[in-house]
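Encoded as structure tokens, the structure appears first; notes follow it.
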Amino acid sequence: MTPAVYYVIDDHGRLGRETVIDWEACSKSDVIAALLSGQYDKPIAVHCIEEDDNRWTDVSEDIARDLIAPAIDRYGFDDDGQIAASCREFIERHASDALEAAEGEYASARLDRAEHSTLHRAYQGV
């Protein structure tokens, strides 16, 4: 079975759109890493070519959902976080509901950790 090839459609505004296939790094994980690092100006879609089936599929929503956890793990979603704006916009465009839920869970977990830390310091008499 031939591995799938993932590629990005990048929007350059008035200059048009570009189909970007990095033949050296065209796996799903490679595309996710490139999106996380902000490699693209304004990624608007990710497609996957299944050579064995001789077809392509728009996998933008799946990729956007797959980006959420690594983005939170790596950067968080605070104002001072370093997630690439283009990556965040891509996630918002294709999986806003999942992003909203993840941000709520992230904020809740941070609040729980802060409360736990405060209680722990109080218990130790700090």
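Read-outs throughout are calculated quantities, based only on the coordinates presented, and are distinct from any laboratory measurement. These numbers come from a predicted model, not from an experiment.
Side notes on the structure shown:
- Rounded to the nearest Hz, the phi-derived 3J(HN,Hα) couplings of the range 87-100 under the Karplus curve 6.51 cos²θ - 1.76 cosθ + 1.60 (θ = phi - 60°) are 5, 4, 4, 4, 4, 4, 5, 10, 8, 4, 5, 5, 5, 4, where x marks glycine and proline.
- Length available on full extension from Glu89 to Ser29: 0.36 nm per residue minus the Cα-Cα distance, which gives 19.7 nm.
- The H on the amide N of Ala45, modeled in the peptide plane, is under 5 Å from the matching H of Ile9, each at least 5 residues off or on a different chain.
- Rounded Å value of the spacing that divides the Cα centres of the range 83-106 and the range 1-76: 16 Å
- Between Lys42 and Ile21, residue separation times 0.36 nm minus the direct Cα-Cα distance comes to 6.0 nm.
- Integer Hz, Karplus 6.51/-1.76/1.60 couplings in order for the range 9-25, x for Gly and Pro: 9, 10, 9, 10, x, 5, 7, x, 10, 10, 8, 10, 10, 9, 5, 7, 9
- Taking 0.36 nm per residue of sequence separation and removing the Cα-Cα distance, the Thr57/Ser96 pair yields an extension gain of 12.0 nm.
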